[in-house]
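Colleague: Have a look at this one before I ask anything.
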Amino acid sequence: MRSRFATRSARLALAAVAALALGGAATATATADSGGFTTRPCATSDLNFKVTSETQAGGYYLITAKAKPGIVCHLEGVFPSASFGSSPDTAVSPAEQSAGDDIVLGGSTAAYAGISPKTTNNNDGIQFDRLHLSVAGDEENSVTLRLPDTATVDRPIATNWHADAADAVPFLG
């Protein structure tokens, strides 16, 4: 069911107020033109990341992002910038065709993205045990995350950031 707050700015304002109520310290600012609240975009350094290995859809990595204590920011509903190595062949491509809703992070609120390291049905690929990840637009400040297991990488894809982990499963179409 769709909320009465149908516009994106109204949903973002409501989410910001809810995150502030849950998260404590506020970094939200009032905007004169919208009359509501907005949050600043999340930078990679604003977030803590966790990687878990999942078995659904042939196996993928679930990335969980949470704002660091005292930070409230919004994460755009696009796929994260990620690669398994320095070669362009190891950079993830989008698994979804359009952007999703922004997610306001603060307190215990989390965002989820799914990364499938291999989308081909062959024995090709290069093995990696780390993932380089950043928020889209903040590639200069990427973090390196240790994977829970070694990944064979061949044409990797990533979902957009989602508020529900069940929506972050990178199904191959």
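The values are calculated or read from the model by the stated rules, or taken from the named source; none is laboratory data. Worth saying up front: this structure is predicted, and the values here are computed from it rather than measured. Note that we place each Cβ from the backbone using ideal geometry, even for glycine, and neighbour counts take in every protein chain shown. The protein model used for the area step is the full one, side chains on, heavy atoms only, and it has no ligands, DNA or RNA in it. Shrake-Rupley method; radii C 1.70, N 1.55, O 1.52, S 1.80 Å.
Colleague: Among (1) closer than 15 Å to Val153 by Cα; (2) surrounded by fewer than 14 Cβ atoms within 10 Å (Cβ to Cβ), which single condition is Tyr61 missing?
Modeller: (2)
Colleague: Checking the structure you have, find out if any residue of the stretch 94-101 is of a type in the set (Asp, Glu), open to solvent by 10 Å² or more (accessible area, probe 1.4 Å) and within 18 Å of Phe171 (Cα to Cα).
Modeller: Pass one, the stretch 94-101, residues of a type in the set (Asp, Glu): 96, 101.
From what is left, the residues that are open to solvent by 10 Å² or more (accessible area, probe 1.4 Å) are 96, 101.
In the following step, the residues that additionally are within 18 Å of Phe171 (Cα to Cα) were identified as 96.
Yes: the stretch 94-101 contains one or more residues that are of a type in the set (Asp, Glu), open to solvent by 10 Å² or more (accessible area, probe 1.4 Å) and within 18 Å of Phe171 (Cα to Cα).
Colleague: Can I ask one more? It is to be established whether one or more residues within the stretch 73-84 are of a type in the set (Gly, Ala, Ser), closer than 25 Å to Thr119 by Cβ, out of contact with any helix residue (DSSP H, G or I) (no Cβ under 6 Å at 6 or more places or on another chain) and surrounded by 13 or more Cβ atoms within 10 Å (Cβ to Cβ). Show your work before the answer.
Modeller: Here is the first cut: in the stretch 73-84, the ones of a type in the set (Gly, Ala, Ser) are 77, 81-83.
After this cut, where a residue has to be closer than 25 Å to Thr119 by Cβ as well, the list is 77, 81-83.
Subsequent filtering for residues that are out of contact with any helix residue (DSSP H, G or I) (no Cβ under 6 Å at 6 or more places or on another chain) retains 77, 82.
From what's left, surrounded by 13 or more Cβ atoms within 10 Å (Cβ to Cβ): 77, 82.
Yes, the stretch 73-84 contains at least one residue that is of a type in the set (Gly, Ala, Ser), closer than 25 Å to Thr119 by Cβ, out of contact with any helix residue (DSSP H, G or I) (no Cβ under 6 Å at 6 or more places or on another chain) and surrounded by 13 or more Cβ atoms within 10 Å (Cβ to Cβ).
Colleague: Still on this structure, please answer the following. May I ask you to list the residues in the stretch 158-169 that are of a type in the set (A, V, I, L, M, F, W, C) and surrounded by 15 or more Cβ atoms within 10 Å (Cβ to Cβ)?
Modeller: Within the stretch 158-169, the subset of a type in the set (A, V, I, L, M, F, W, C) is 158, 161, 163, 165-166, 168-169.
Ala158, Trp161, Ala163, Ala165, Ala168, Val169, listed by residue number.
Let's see how each residue does on (1) β-branched (Val, Ile, Thr); (2) buried (at least 21 other Cβ atoms within 10 Å of the Cβ); (3) modelled with pLDDT of 95 or more; (4) at negative phi:
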{"residue": "Ala113", "(1), (2), (3), (4)": "no, yes, yes, yes"}
{"residue": "Asn123", "(1), (2), (3), (4)": "no, no, no, yes"}
{"residue": "Asp129", "(1), (2), (3), (4)": "no, no, yes, yes"}
{"residue": "Asp138", "(1), (2), (3), (4)": "no, no, no, yes"}
{"residue": "Leu147", "(1), (2), (3), (4)": "no, no, yes, yes"}
{"residue": "Pro156", "(1), (2), (3), (4)": "no, yes, yes, yes"}
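Colleague: Right, something else. Looking only at residues that are part of a helix (DSSP H, G or I) and modelled with pLDDT of 95 or more in the stretch 36-58, which one is most open to solvent (accessible area, probe 1.4 Å)?
Modeller: Residues of the stretch 36-58 that are part of a helix (DSSP H, G or I), as a first pass: 44-46, 56-58.
Next cut, modelled with pLDDT of 95 or more only: 44-46.
Details: Thr44: 2, Ser45: 75, Asp46: 14 Å².
Taking the candidates together, the pick is Ser45.
Colleague: Something else: Give all pairs with beta carbons closer than 7 Å in which a residue from the stretch 145-162 that is farther than 21 Å from Asn48 by Cβ meets a residue that is of a type in the set (Asp, Glu) and outside any loop (DSSP other than H, G, I, E, B); count only pairs at least 6 apart in sequence or on separate chains.
Modeller: Short answer, once both residue conditions are applied: Thr150/Asp129.
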